[in-house]
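Undergrad: I'd like to ask some things about the structure below.
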Amino acid sequence: MFFRGVNKLFQFNFNKNISTKYCNLLQSTINNYSTMSSSIKIGTHNGAFHCDEALACFMLKQLPDFKTAEIIRSRDNEVLNTCDIVVDVGGEYNHSRKRYDHHMREFKETASSVLKRDDCNWDIKLSSAGLIYCHYGHQIIKQLVPELMDDEDIHSIFKRVYESLIQEVDAIDNGVSMFEGEPKYRIVTNLSSRVARLNVQWNSLDMNVDAQFLKAVELCGEEFKCFINNAAQVWLPARVYVREAIEKRFEVDPSGEIFELNKSLPWKDSYFELEKKLNVDPPIKYVIFKDDSWRIQCVPVGPGSFVCRERLPEAWAGLRNEELSRVAGIDECVFVHTGRFIGGNKTRNGALAMARKSLEISKSLIT
């Protein structure tokens, strides 16, 4: 059964309003994560749970060695010593012994220190999720996307998912702020927040913490698989197009500061990785691509940033159609956003002309 002492789960007095359908769903979830005959055990702590150990448990369950493992929730070292692998509890980090706690005062491991790869220089302190991902992530990706055979592609997905999901979980669990100072607003819809809301509430009369942990594992699993599948099926194929576009940038404009995509696709994260890999110089300022018409978009200073290397000219901000064409001196203009990070033109030549004119104006302001 999924948890030691699971009899409590079935002795638990469910509220009469809870439907048989819910009970059947809960039983199905338990069956998916456990086997009564399993001799393999994953240990983690009992009581209130967090995103990192729920995600760590899900990731381990994707590996053949732990697919049928029973999850033991306890803080009793005698109980934990019977487990084949322990996460987020136990006061020990020892890969050879499969012990992955991160709460010790002396623990300072990061993805950089664990992976020891030049292309993995991340310095956020690891949580149990990050530890499991760093040690087993490549194997987990192979299990979830078996059609991927190329080790370089697998590692690219590994890095993509670390930067877009695992690093966030690690940082939140370890209390690492995104930036200095007070935020202007709160983000309470991230994965860690959603997991936290699954914990038994102080005034709840009919919630079972072990059953709620099952939901947390399922929730983390769905999110994790979504990130893996998106990286494999959407991001990785798009990366091929982005690389080709970067390599052909001097064919688009002699400056090398404009590149062209023949369709609208996710390019930003791929771009910054490839920019370093291909030693792109000078840095690219604008990309043009075909959407319903044509778009010109400013390249930001980094992934997820709203700060652009060069914005579109201030005189164009918020203008549309004939007025924009008149001010810019370029035919077929459609719009420029008031934030000056994106604009549109009805034709490729028009979008390229807008990019070239923007470069010309920005360089004249510098000189």
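Undergrad: Applying a 10 Å radius around every beta-carbon, put 260-268, 291-299 in order of their mean neighbour count, most first.
TA: Order by mean packing, descending: 291-299, 260-268.
Undergrad: Per DSSP helix of 4 or more residues, -39500 (n - 2.57); summed, then divided by the residues of the chain. What does that give at 222 nm, rounded to the nearest 500?
TA: Result for the chain, helices only: -12500 deg cm²/dmol.
Undergrad: Another question about this same structure. Using only the alpha-carbon atoms, how far is helix 348-366 inclined from the longest principal axis of the chain? Give it as 0 to 90 degrees, nearest 10.
TA: 90 degrees
Undergrad: Still on this structure, please answer the following. Using only the alpha carbon atoms of the stretch 40-144, find the Kirkwood hydrodynamic radius as the inverse mean reciprocal pair distance, in angstroms to one decimal.
TA: 13.9 Å
Undergrad: Which ³J(HN,Hα) values, rounded to whole Hz and listed in residue order, are derived for the stretch 39-47 from phi using the Karplus coefficients 6.51, -1.76 and 1.60 in 6.51 cos²θ - 1.76 cosθ + 1.60 with θ = phi - 60°, glycine and proline given as x?
TA: 9, 8, 10, 9, x, 8, 7, 8, x
Undergrad: Continuing with this model, one more query. Evaluate the relative contact order of the chain (contact order divided by residue number), counting alpha-carbon pairs under 8 angstrom at least 6 apart; express in whole percent.
TA: 11 percent
Undergrad: Mind pulling the angle between the C-alpha long axis of helix 51-61 and the longest principal axis of the chain? Nearest 10 degrees, somewhere in 0 to 90.
TA: That works out to roughly 80 degrees.
Undergrad: Evaluate the distance, in nm, between pseudo-label points positioned 7 Å from the Cα of SER177 and of ASP84 along their respective Cα→Cβ axes.
TA: Each label point is offset 7 Å from its Cα along the Cβ direction, giving 4.4 nm.
Undergrad: Counting pairs of Cα atoms in the stretch 192-315, how many percent are more than 18 Å apart?
TA: 64 percent
Undergrad: Under a 5 Å amide H to amide H cut-off, with H placed in plane at 1.01 Å, what residues pair with VAL176 once short-range neighbours are removed?
TA: Amide H neighbours of VAL176, under 5 Å, 5+ apart: none.
Undergrad: If you don't mind, another one. Tilt of helix 20-33 relative to the longest C-alpha principal axis of the chain, in degrees (0 to 90, nearest 10)?
TA: Result, in degrees: 90.
Undergrad: Could you give the length gained on full extension between MET207 and GLU322, defined as 0.36 nm per residue of separation minus the Cα-Cα distance, in nm?
TA: Gain on extension, MET207 to GLU322, equals 35.2 nm.
Undergrad: Taking θ as phi - 60°, what are the ³J(HN,Hα) couplings along the stretch 274-281 by the Karplus curve (6.51, -1.76, 1.60), each to the nearest whole Hz, with x for Gly and Pro?
TA: The phi angles translate into 6, 4, 5, 5, 9, 6, 5, 8 Hz.
Undergrad: Give me the lysines in straight-line cross-link reach of LYS357: C-alpha distance below 21 Å, same-chain residues under 8 apart excluded.
TA: LYS248, LYS285, LYS290, LYS346
Undergrad: To one decimal place, what Kirkwood hydrodynamic radius in Å is obtained for the chain from all pairs of distinct Cα atoms?
TA: In the chain this quantity evaluates to 23.6 Å.
Undergrad: Now, a different point. Set the Förster distance to 25 Å, then compute FRET efficiency between ARG194 and LEU144 from the Cβ-Cβ distance, nearest 0.05.
TA: 0.75
Undergrad: Would you work out the relative contact order for the stretch 93-166, in percent, from Cα pairs under 8 angstrom that are 6 or more residues apart?
TA: 24 percent
Undergrad: Here's something else I'd like to know. Between SER39 and LYS263, what is the spin-label point distance in nm, taking each point 7 Å from the Cα along the Cα→C-beta axis?
TA: 5.2 nm
Undergrad: Per the Debye formula with a single identical scatterer at each Cα and no solvent contribution, what log10 I(q)/I(0) holds for the stretch 174-260 at q = 0.15, 0.26 Å⁻¹?
TA: Computed log10 I(q)/I(0) values: -0.85, -1.17.
Undergrad: How do 113-125, 339-351 rank on mean C-beta neighbours within 10 Å, highest first?
TA: With the highest mean Cβ count within 10 Å placed first, the list reads 339-351, 113-125.
A short reminder: the numbers here are calculations on the coordinates, not readings from a lab. All values derive from a computational prediction rather than experimental measurement. Backbone-built Cβ (ideal geometry, glycine too); neighbour counts: all protein chains shown.
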